[in-house]
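Single-structure report; data block below.
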Amino acid sequence: MTAQLCFAPELLHVRPWAPEPNSRPGFDARSSYAEEFWLGVLGPSTMWFLRRIAAGFDYCPEGFDLDMSDTARSLGIGDKTGRHAPLIRAVNRTIQFGMSKLNGTADLLVRRSLPPLNRQQLSRLPNSVQARHALWVTEETDHHKVTEQQQRRACQLALSLADLGEDFAGIERQLLRWQYPGPVARQAAGWALERHRLAFGPDAATGGAPVPRTEARGA
């Protein structure tokens, strides 16, 4: 049986879970795919938790210490510590769906991206959402038709949005409004944020970033 949290530690040590070799590309927890399709499977608390972790990895790629009480309150789900506390349930759902795993009692390895829904997960969603997912699959298949010039232009626009302080979801959403295909918008948003982070570092963030593990331990 997969180990799960039974109570809330004061600090949860979060580190990225390296993808398996030859694994399929996934989706950022802040992407339109995650919001439109995974939300109905995971639920809002779990999705917001994954989004918080994704934002943390933007500025602390090697991992960080997550204050559980502060996180619960900032997500609006209270700061109870027992097994059935909302935040503990949210973390355990990420474990249940294979998006994270415990490594010890307070170390959590979290995947940097969410996989596509499988058939069973998709069947839980309303017919209208399943139809939109089928359309997304068609769009994904047609991704190869996008020209190099279109991809380059999308990346330039995404970088401009990152310079204006937009996060992944905001960049992707705006590119979709400008009629760029979903895969192009997703790839451009990820590229732009990585370039922006390398150019300006974590000090360019508009909000507070998690504390890197070395700093949190007083190094």
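The values are calculated or read from the model by the stated rules, or taken from the named source; none is laboratory data. Just so it is clear, the model here is predicted, and its values are computed rather than measured. Note: ideal-geometry Cβ built from the backbone for every residue, glycine included; neighbour counts use all protein chains shown. The area values use the complete protein model at the heavy-atom level, side chains included, leaving out ligands, DNA and RNA. Shrake-Rupley method; radii C 1.70, N 1.55, O 1.52, S 1.80 Å.
Some observations on this one:
- Residue 119 meets the stated requirement of being surrounded by fewer than 15 Cβ atoms within 10 Å (Cβ to Cβ) and of a type outside the set (Gly, Ala, Ser).
- Whichever residue in the range 131-149 is surrounded by 13 or more Cβ atoms within 10 Å (Cβ to Cβ) and closer than 30 Å to residue 200 by Cβ and, among such residues, is modelled with the lowest pLDDT: 143
- Hits in the range 33-44 - residues which are open to solvent by 40 Å² or more (accessible area, probe 1.4 Å), of a type in the set (Gly, Ala, Ser) and either under 21 Å from residue 166 (Cβ atoms) or modelled with pLDDT under 90 (or both): none
- Remark: residue 172 falls outside the filter, which requires a residue to be modelled with pLDDT under 85 and in a helix (DSSP H, G or I).
- Any hit, the range 79-95, residues being in contact with an Asp or Glu (Cβ under 9 Å, 6 or more places away or on another chain) and open to solvent by less than 50 Å² (accessible area, probe 1.4 Å): yes
- Selected residue (criterion: farthest from residue 19 (Cα to Cα)) from residues of the range 96-106 that are surrounded by fewer than 18 Cβ atoms within 10 Å (Cβ to Cβ) and modelled with pLDDT of 90 or more: 96
- Among the residues of the range 168-189, those that are buried (at least 21 other Cβ atoms within 10 Å of the Cβ) and not aromatic (Phe, Trp, Tyr) comprise 171, 172, 175, 184, 185, 186, 187, 188, 189.
- Against the list (1) closer than 25 Å to residue 140 by Cα; (2) in a helix (DSSP H, G or I); (3) under 11 Å from the mean Cα position of the chain (by Cα), the condition residue 30 fails is (2).
- In the range 45-78, the residues that are open to solvent by 20 Å² or more (accessible area, probe 1.4 Å), within 18 Å of residue 168 (Cβ to Cβ) and part of a helix (DSSP H, G or I): 48, 51, 52, 55, 58, 59
- Remark: pairs (first residue in the range 190-207, under 13 Å from residue 59 (Cβ atoms); second residue surrounded by fewer than 13 Cβ atoms within 10 Å (Cβ to Cβ) and modelled with pLDDT of 80 or more; Cβ separation under 8 Å; 6+ apart in sequence or on different chains) = 206/165.
- The numbered conditions (1) open to solvent by less than 80 Å² (accessible area, probe 1.4 Å); (2) at pLDDT below 75; (3) not in a helix (DSSP H, G or I) are all true for residue 165 except (2).
- All told, residue 90 falls short of being farther than 20 Å from residue 27 by Cβ, touching a Gly at 6+ places or on another chain (Cβ under 9 Å) and assigned to a helix (DSSP H, G or I).
- Meets criteria (under 20 Å from residue 190 (Cβ atoms) and more than 14 Å from the chain's Cα centre (by Cα)) for residue 64: yes
- Unique residue being in contact (Cβ under 8 Å) with a residue 12 or more places away in the chain, among the charged types (D, E, K, R) and within 19 Å of residue 12 (Cβ to Cβ) when the list is 132, 73, 112: 112
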